[in-house]
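Please read the structure below before turning to the comments.
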Amino acid sequence: MLKHPVNIIIRGWRCGNYPILTAIYIFAAMASTSNEDLFKNIISHSREYGFIFQSSEIYDGLSAVYDYGQNGVELKKNIRDYWWKSMVQLHENIVGIDAAIFMHPTTWKASGHVDAFNDPLVDNKDSRKRYRADVLIEDHVAKMEAKIQKEVEKARTRFGDAFNEHQFRATHVRVLEIQQKIDAINQRFKTALETGNLEEVRKIILDLEIACPVSGTRNWTEVRQFNLMFSTQMGSVSEDASTIYLRPETAQGIFVNFLNVQKTGRMKIPFGIAQTGKAFRNEIVARQFIFRMREFEQMEMQYFVKPGTEMEWYHTWKETRMNWHRSLGFPEGKHRFHDHLKLAHYANAACDIEFEFPFGFKELEGIHSRTDFDLGNHEKFSGKKLQYFDPDLNQGYIPYVVETSIGLDRMFLAVLSQSYHEEKLEDGSERVVLRIPSFLAPVKCAVLPLVKKDGLPEKAREIMDRIKFDHLCMYEEKDSIGKRYRRQDAIGTPFCITIDHETLQDNSVTIRYRDTMLQERIPVTQVEEILMEKVDMATPLRQLT
Ligand code: ATP
C-alpha cells in the first residue's frame, strides 16, 4: 500500500478558540485495490448509501435498468442543473424544450433509425455470450495503444525533463511497429463497416485472434446487425394499433420543433435548442453498471448554423464542452478526445470526449456535425418546409447542425468514480469519502448537535431552519459525532456543522470540512456566508464564460 501525507487536520471541535490548534496528518490509502475491485466497491457503495439501486430489485432486478435513490437523485439533478445552466442560462441564443418520448413513427424513418440504428453483434458459441463486434475490435486496439503508452512512460522515466514524446513516438521502432498495426486494423475495420461487410468484420476478429473473455475460445458465430430501438403499440383496439418507438435519442424532438422554437422565440441563426430527457436503447451488451443502460437520460443541444460554418462551430463546441468537463476540477489527463473513424449516416465530423472510468477510457459525450441531414429528411418525409429565412442574406435555407450529446448517467458515473476514495487515517481507522465537487454534492451541509440533550438539538434546529431555504441540508443526532462524520463523508457532504455547549454561550459552532477533515470554530453567523461561497453553482459557471 502506497502512503503519502495528504494534508493537515486541525482537531478540536470542543475548543473555543478559532482557529484551533492541534495538527495531525492523515494518509490516503492509494491504489491497493485493483481497478476491478475498486469498481465493485463503487457499485456496492452506491447501493449502500442510497445512490443507485437495481430496478425491481425484489424481483431480482431487470438487466441494465437502474433506479436512483435518495442521494443519487440529488447528485443527478445537480449535474443536470449544471449542464442546463451552462447551456441555457449562459448562452442568450440557446433555449430549452421538453419534447415527448413518443413521436410519430415516421420521425424514425426520416432520421434513419429504422433502417440504420444497428449494432453488429456476435456470439461466442461456447460461452453463449453476446458481444458487440465493434467493441471487441476497439478493445483489442485499446490494448495495443496501452502498450505504446507503456513504452512512452518507460522512456519518460528514463530521460526525465529531456524527454520529447512527439519525437519518441515518431522514431521508436517498436512504437512505430505497433502504431502501423493499429492503423491497418482501423483502416480495414472502417472499410468493412462502411461497405456493410459483416463477414469481413468477423474475419478481423478471427485474424486478431480475439478470444471470448468468458470461455477463452475463438469460436464465433457470424456477425449480424441488430436494431436497438424498442417498439410498442399505440391505440386501444388492436386493429387500430400502430407501431411506435421509445425514442433512442432526444435529438429528434428538437429537430421536429426547430421551426416552432425559431419562430415563437424569434431566434436568429446561430442558435441552439437544449433538452434533457429519457432515451431507450435495447443494448446488446449491457454491462458496466450505469455506463450502458437500456433506459437512460441524455442532455443534448443542437446548434443551428449557417451551412459552411459548421466546422468552425464544431471546433468551438469541442472546446466549450471540454472546458465544462475540466471545470469540475478532476485531475489532468482524465479526459481526452477521440475522433470517429466511421461517421454515422448523418455526420460530416464527429468525436467523443472520453473519460477514464475505472475500466479504462470510454465515451462520455459525443460531439457531431450532423449537417442538414435531419432537417432535410424531416422536410422530405413530412412535406413541410423546415427552412430558416436569413434576413441578412434575404433567402431561406436548411440550417446545418452541430450537436453536443452527453449521457447524464455516464456523467454521474464519471463523478462518482472520480470522487470515490478509500482512505486509511493516521490513527489506523479507515474512511470512504466521496470527494464530489461541492456544488454537485447531494447534501451540502449536515447539522449535528453534539448530544441529544441540554438544548443542543433545539439550537441545531434553529440553524437548520435558517439554512434549509438555500441548501439541501441534513439534520442528524443519532450516534457518536465520529460515526456521523463518517456517514456524511460516505455520501459526499462537504460541510458538517457541530453544535456543542459552547454554542449556547458564545454562538460559535465547529465547521468540519469533508476533504481535509479540518475543523474550525466559527461564529454561527458565518455559516451561511461560507456555504454560499463554497457550494454556489455560480462559481464554477463563472469560470466557463
Ligand atoms: P456508445 O458508442 O457507447 O454506444 P453512442 O456513440 O451510441 O455510445 P450517442 O448516440 O452518441 O452514443 O449518445 C450520446 C451519449 O449518450 C453518449 O456519449 C453516452 O454518454 C450516452 N449514452 C448512449 N448510450 C447509452 C447507454 N446505453 N447508457 C447510458 N448512456 C448512453
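The values are calculated or read from the model by the stated rules, or taken from the named source; none is laboratory data. Here the structure is a predicted model, which means the values were calculated and not measured. Every residue, glycine among them, receives a Cβ derived from its backbone with ideal geometry; neighbour counts consider all protein chains shown. What goes into the accessible areas is simple: the full protein's heavy atoms, side chains included, and nothing from ligands, DNA or RNA. Shrake-Rupley method; radii C 1.70, N 1.55, O 1.52, S 1.80 Å.
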Study note, to complete from the structure: Simple spin-label estimate for Thr217/Ser44, 7 Å along Cα→Cβ, in nm, reads 3.3 nm
Study note, to complete from the structure: Contact order relative to length for segment 118-227, counting C-alpha pairs under 8 Å separated by 6 or more residues, stands in percent at 46 percent
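How high is the FRET efficiency from Glu462 to Arg266, r the C-beta distance, R0 56 Å, rounded to 0.05?
With R0 = 56 Å, the Cβ-Cβ based efficiency is 0.70.
If I take R0 = 30 Å and measure r between the Cβ atoms of Gln505 and Arg542 in this structure, what FRET efficiency does the formula 1/(1 + (r/R0)^6) give, to the nearest 0.05?
0.15
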Point to revise | Protection proxy ranking of 157-164, 286-293, 312-319 - average other beta-carbon atoms within 10 Å, highest first | key: 286-293, 312-319, 157-164
Check your understanding: Excluding ligands and nucleic acids, what accessible area in Å² is computed for Ile481 using a 1.4 Å probe, to the nearest 10?
Key -> 20 Å²
Practice item. Can you send over the carbon and sulfur percentage of the accessible area for segment 118-227, probe radius 1.4 Å, protein chains only? Key: 49 percent
**Study point:** C-alpha center-to-center spacing [segment 232-305, segment 76-152] in angstrom
**Key:** 13 Å
Review point. On full extension of the chain, what length is gained from Thr316 through Glu194, given 0.36 nm per residue of separation minus the C-alpha to C-alpha distance?
Key: 41.1 nm
**Study point:** Potential extension, Arg224-Asp67 segment - 0.36 nm per residue separation minus Cα distance
**Key:** 53.4 nm
Practice item. Using the heavy atoms of the protein chains and a 1.4 angstrom probe, tell me the accessible area per residue for segment 428-543 in square angstrom. Key: 41 Å²
Exercise for review: May I ask you to derive the FRET efficiency for Ala155 and Gln233 from their Cβ-Cβ distance with R0 = 60 Å, giving the value to the nearest 0.05?
Suggested key: 0.50
Study note, to complete from the structure: Nearest 10, in degrees from 0 to 90: the angle of helix 35-48 to the longest Cα principal axis of the chain is 70 degrees
Exercise for review: Report, to the nearest 10°, how far helix 133-159 tilts away from the longest principal axis of the Cα atoms in the chain, using its own Cα long axis and a range of 0 to 90°.
Suggested key: 60 degrees
Revision key, fill the gap. Length-normalised contact order of the chain, Cα under 8 Å, at least 6 apart, in percent, tallies to 17 percent
Review point. For segment 67-177, what is the accessible area per residue in Å² when the probe is 1.4 Å?
Key: 56 Å²
Study note, to complete from the structure: Checking rank on 432-443, 124-135, with mean other Cβ inside 10 Å and highest first, the result is 432-443, 124-135
Exercise for review: List the relative contact order of segment 428-543 as a percent without decimals, with contacts defined as Cα pairs under 8 Å and 6+ residues apart.
Suggested key: 30 percent
Revision key, fill the gap. Residue-normalised 222 nm signal for the chain, counting each DSSP H run of n ≥ 4 as -39,500 (n - 2.57), nearest 500 deg cm²/dmol, is -11000 deg cm²/dmol
Exercise for review: Quick one: grab the alpha carbon gyration tensor of segment 475-545, order the square roots of its eigenvalues as a ≥ b ≥ c, and give me rounded if a/c is under 1.5, else prolate or oblate depending on whether a/b is larger than b/c.
Suggested key: oblate
Exercise for review: Find how much the distance from Leu206 to His91 grows on full extension, using 0.36 nm per residue of separation minus their present alpha carbon separation; answer in nm with one decimal.
Suggested key: 36.4 nm
Point to revise | Separation of the Ala100 and Phe469 label points, Cα + 7 Å toward Cβ, nm | key: 4.1 nm
Check your understanding: Just how many pairs of Lys in segment 200-346 have C-alpha atoms closer than 21 Å, counting pairs that are eight or more places apart or on different chains?
Key -> 6
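Give the value in nm², to one decimal: projected area of the alpha carbon convex hull of segment 118-240, averaged over all directions.
Mean projected area of the Cα convex hull: 12.4 nm².
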Review point. Taking Cα atoms, how many degrees apart are the long axis of helix 173-194 and the longest axis of the chain, rounded to 10 and kept between 0 and 90?
Key: 60 degrees
Study note, to complete from the structure: Asp126 and Ser429 label points (each 7 Å along its Cα→Cβ direction) are spaced in nm at 5.0 nm
